[in-house]
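Have a look at the structure below, then the notes.
The values are calculated or read from the model by the stated rules, or taken from the named source; none is laboratory data. No experiment lies behind these values; they were computed from the predicted model shown. Here Cβ is always computed from backbone atoms with ideal geometry, including for glycine, and neighbour counts include all displayed protein chains.
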């Protein structure tokens, strides 16, 4: 597994080994022992899948209690994936990182607990799979405003994104619930 550090040290871009032959290919995307050697001691409790069309923006989501670490992978199409550090004790508090994830590159993102997460679809359609380290808890669910000028996230959008009402009503960073 290749590991690439991002501008936020705790967010990693991972590229699993791809074994290909005349039949197709095989990739190990998660293994507890393998990830432990990378310093990721995660226990995943749930797998999620989203299917979205071009310019759909989902996020920026997090849970203030029962925070979720996420292993994010795109199995069809491509997205631009974003993580925002919401840990007040972190040197990168309030900073964000964006990265392209797509089925062709086979790369995945590890986003530890304490970050808001979102993505925008760059292809006609994208299917995103992500493993999470804690269960969904709607009472602790929060949404950070995707276009907050104080964050300055450079979303690669040709115009306005397609948003849910929840994402449209996200709160600005200065009003957001954050972690210690």
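Considering every residue within the stretch 37-44, establish whether at least one is in a strand (DSSP E or B), modelled with pLDDT of 95 or more and either farther than 16 Å from residue 163 by Cα or within 16 Å of the chain's Cα centre (by Cα) (or both).
no
Kindly check whether there is at least one residue in the stretch 81-89 that is in a loop (DSSP other than H, G, I, E, B), free of Cβ contacts under 8 Å to residues at least 60 places away in the same chain and more than 16 Å from residue 12 (Cα to Cα).
No, every residue in the stretch 81-89 fails to be in a loop (DSSP other than H, G, I, E, B), free of Cβ contacts under 8 Å to residues at least 60 places away in the same chain and more than 16 Å from residue 12 (Cα to Cα).
Is there a residue in the stretch 117-135 that is touching a helix residue (DSSP H, G or I) at 6+ places or on another chain (Cβ under 9 Å) and on the phi < 0 side of the Ramachandran plot? It would help to see each step written out before you state the result.
Filtering the stretch 117-135 down to residues touching a helix residue (DSSP H, G or I) at 6+ places or on another chain (Cβ under 9 Å) leaves 118.
After this cut, where a residue has to be on the phi < 0 side of the Ramachandran plot as well, the list is 118.
Yes, the stretch 117-135 contains at least one residue that is touching a helix residue (DSSP H, G or I) at 6+ places or on another chain (Cβ under 9 Å) and on the phi < 0 side of the Ramachandran plot.
In the stretch 104-124, is there at least one residue being surrounded by fewer than 19 Cβ atoms within 10 Å (Cβ to Cβ), at pLDDT 95 or above and assigned to a strand (DSSP E or B)?
no
Which of the numbered conditions does residue 66 fail, given that it passes all the others? Conditions: (1) outside any strand (DSSP E or B); (2) over 16 Å from the mean Cα position of the chain (by Cα); (3) on the phi < 0 side of the Ramachandran plot.
Failing condition for residue 66: (3).
Name, by its number, the condition in (1) surrounded by 18 or more Cβ atoms within 10 Å (Cβ to Cβ); (2) at pLDDT 95 or above; (3) in contact with a strand residue (DSSP E or B) (Cβ under 7 Å, 6 or more places away or on another chain); (4) outside any strand (DSSP E or B) that does not hold for residue 99.
Of (1) surrounded by 18 or more Cβ atoms within 10 Å (Cβ to Cβ); (2) at pLDDT 95 or above; (3) in contact with a strand residue (DSSP E or B) (Cβ under 7 Å, 6 or more places away or on another chain); (4) outside any strand (DSSP E or B), only one is false for residue 99: (4).
Those residues that are in contact (Cβ under 8 Å) with a residue 60 or more places away in the chain and not in a strand (DSSP E or B), I need them from the stretch 12-34; list them, please.
Passing the criteria: 16, 29, 30.
Identify, from the list 16, 9, 67, the residue that is out of contact with any strand residue (DSSP E or B) (no Cβ under 6 Å at 6 or more places or on another chain), crowded, with 17+ Cβ neighbours inside 10 Å and more than 22 Å from residue 168 (Cβ to Cβ).
Step by step, each of 16, 9, 67 is checked, and only 67 is out of contact with any strand residue (DSSP E or B) (no Cβ under 6 Å at 6 or more places or on another chain), crowded, with 17+ Cβ neighbours inside 10 Å and more than 22 Å from residue 168 (Cβ to Cβ).
Checking residue 75 against (1) surrounded by fewer than 18 Cβ atoms within 10 Å (Cβ to Cβ); (2) in contact (Cβ under 8 Å) with a residue 60 or more places away in the chain; (3) more than 15 Å from residue 13 (Cα to Cα), which test does it fail?
(2)
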